[in-house]
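Report on the following structure.
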There are 2 protein chains.
Amino acid sequence: MRIAIRDYITEKDPDIIYQIVKDTGYFSEDELIMARELAISALAKPGEYLFFVAEDNLKAAGYACYGKIPCSIGSFELYWIAVLKGYQHNGIGRALINSVESAVRSCGGKKLFVSTSSTDRYAPTRAFYEDCAYTQAAVLKDYFAPGDHEVIYEKPL
Amino acid sequence: MRIAIRDYITEKDPDIIYQIVKDTGYFSEDELIMARELAISALAKPGEYLFFVAEDNLKAAGYACYGKIPCSIGSFELYWIAVLKGYQHNGIGRALINSVESAVRSCGGKKLFVSTSSTDRYAPTRAFYEDCAYTQAAVLKDYFAPGDHEVIYEKPL
């Protein structure tokens, strides 16, 4: 594997991102569409949603999408991070999150937030954020559905 | 005063909404623009952002903007609520929030979330939500800026 991380997206990426997110098996069709639409809107109107794409020999293996929280000073949110199943457990997720954190720091960001679900299915996701030194900032009960809470993590940068 | 509440917006409303939000004196220019853009995007692509507008003899006096939280089941968020200064303390805010709650209930919504700031400036806003039976679900420290936390309220419907 020869992983390179680029800090931009191209017109091919919305469909590639859809496929990466689908491949993880973690998301609903609605969420896949939303992930693609974020990329489409970022191509149309750059600035609000920013991307890193990890490639193995020019093949996209994972990506992260983040952005400044509107009307905040120094707060950013990691909206999406996903790695193709066949490429997981190789440090690509961690490399992507490191890229996001560095980029946020260099534009004066002080805090990065990321949300996920409280369900068992997302235990590996929560473990990943905790391994990356994110701490639980809040839990919004029944946010996604009855019994499916939103867990909000934060990391000071 | 003869207040009527309509559940739709027209092409004139984005500018009217900008003026209402500006008149409150609570929001930055960035936020005014964002409030207007939400209305523009709702006219272009109905469904994601929903509105109620309170009118006194056909003059808009306040509005509320809410929507289903994407990829959730039964969770909604109140994104904006604002009443012209000269019309405040007349129950218009409460009438608007009641309209939102009824609409959310009728499409099967179980929970309404709303966020505001922890600063002294927003004490009347927090008091308003608390009067309307919203309870604090979480506080995200330094979310808007250092020392300016996000207070997230929720109300089961």
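The values are calculated or read from the model by the stated rules, or taken from the named source; none is laboratory data. Small disclaimer: the values here were computed from a predicted structure and weren't measured. Every residue, glycine as well, gets a Cβ built from its backbone with ideal geometry; the counts of neighbours run over all protein chains shown.
Select from segment B:77-120 the residues that are in contact with a Cys (Cβ under 8 Å, 6 or more places away or on another chain) and more than 13 Å from chain A (Cβ to nearest Cβ) and list them in ascending order. Walk me through it before giving the result.
At the first step, the residues of segment B:77-120 found to be in contact with a Cys (Cβ under 8 Å, 6 or more places away or on another chain) are B:78-81, B:94, B:97.
Those that are in contact with a Cys (Cβ under 8 Å, 6 or more places away or on another chain) and more than 13 Å from chain A (Cβ to nearest Cβ): B:L78, B:I81, B:R94, B:I97.
When you check A:E154 against the structure, is it outside any strand (DSSP E or B) and modelled with pLDDT of 95 or more, yes or no? Explain how you work it out, then say what you get.
Numbers: outside any strand (DSSP E or B): no; modelled with pLDDT of 95 or more: yes.
The answer is no for A:E154.
Can you name every residue in segment A:21-41 that is of a type in the set (G, A, S) and either at positive phi or modelled with pLDDT of 95 or more (or both)? Walk me through it before giving the result.
Within segment A:21-41, the first condition is being of a type in the set (G, A, S), and the residues that meet it are A:25, A:28, A:35, A:39, A:41.
Matches in segment A:21-41: A:G25, A:A35, A:A39.
Restricting the search to segment B:141-155, which residues are closer than 19 Å to B:S75 by Cα and either facing chain A (nearest Cβ under 8 Å) or without any contact (Cβ under 8 Å) to a residue 40 or more places away in the chain (or both)? Show your work before the answer.
Here is the first cut: in segment B:141-155, the residues closer than 19 Å to B:S75 by Cα are B:150-155.
Within segment B:141-155, B:E150, B:V151, B:I152, B:E154 qualify.
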What tally of residues in segment B:66-90 results from selecting those that are touching a Phe, Trp or Tyr at 6+ places or on another chain (Cβ under 6 Å) and more than 25 Å from A:D148 (Cα to Cα)? 0
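Give the residue, chosen from B:K12, B:K59, B:K68, B:K85, that is among the basic types (K, R), in contact with a Gly (Cβ under 9 Å, 6 or more places away or on another chain) and without any contact (Cβ under 8 Å) to a residue 60 or more places away in the chain. Quick ask: steps written out before the conclusion?
Details: B:K12 fails: in contact with a Gly (Cβ under 9 Å, 6 or more places away or on another chain); B:K59 fails: in contact with a Gly (Cβ under 9 Å, 6 or more places away or on another chain); B:K85 fails: without any contact (Cβ under 8 Å) to a residue 60 or more places away in the chain.
Just one listed residue meets the conditions, B:K68.
Restricting to segment B:1-36, count the residues that are within 18 Å of A:I69 (Cα to Cα) and of a type in the set (G, A, S).
Going through segment B:1-36, the residues within 18 Å of A:I69 (Cα to Cα) turn out to be B:27-36.
Among the residues that remain, those that are also of a type in the set (G, A, S) are: B:28, B:35.
Of the residues in that region, 2 qualify.
A quick yes/no check of all residues on (1) in a helix (DSSP H, G or I); (2) at positive phi; (3) touching a residue at least 40 places away in the same chain (Cβ under 8 Å):
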site	(1), (2), (3)
B:Y79	no, no, yes
B:N90	no, no, yes
B:N98	yes, no, no
B:F113	no, no, yes
B:A123	yes, no, no
B:Q136	no, no, no
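Taking segment A:40-76 as the search range and keeping residues that are under 22 Å from B:E29 (Cβ atoms) and in a strand (DSSP E or B), which one is farthest from the other protein chains (Cβ to nearest Cβ)? Reasoning before the result, please.
The first filter runs over segment A:40-76 and keeps only residues under 22 Å from B:E29 (Cβ atoms), leaving A:45-49, A:67-76.
Of the ones still in play, those that are also in a strand (DSSP E or B) are A:67-68, A:75-76.
Working: A:G67: 14, A:K68: 11, A:S75: 6, A:F76: 11 Å.
Restricting to residues being under 22 Å from B:E29 (Cβ atoms) and in a strand (DSSP E or B), the top hit is A:G67.
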Please work out which residue is surrounded by the fewest Cβ atoms within 10 Å (Cβ to Cβ), limiting yourself to segment B:4-37 and to residues that are aliphatic (A, V, I, L, M) and within 14 Å of another protein chain (Cβ to nearest Cβ). B:I33
Exactly one condition in (1) of a type in the set (S, T, Y); (2) at pLDDT below 95; (3) within 15 Å of the chain's Cα centre (by Cα) is false for B:Y18; which is it? (2)
Members of segment A:103-128 found to be touching a Leu at 6+ places or on another chain (Cβ under 9 Å) and of a type in the set (S, T, Y), listed by number: A:S115
Regarding A:Y129, is this residue more than 14 Å from every other protein chain (Cβ to nearest Cβ), part of a helix (DSSP H, G or I) and crowded, with 19+ Cβ neighbours inside 10 Å? yes
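Restricting to segment A:7-39, what's the tally of residues that are in a loop (DSSP other than H, G, I, E, B) and of a type in the set (V, I, T)? Lay out the reasoning, then the answer.
We begin by selecting, within segment A:7-39, every residue in a loop (DSSP other than H, G, I, E, B); these are A:7-12, A:25-28.
Subsequent filtering for residues that are of a type in the set (V, I, T) retains A:9-10.
So the answer is 2.
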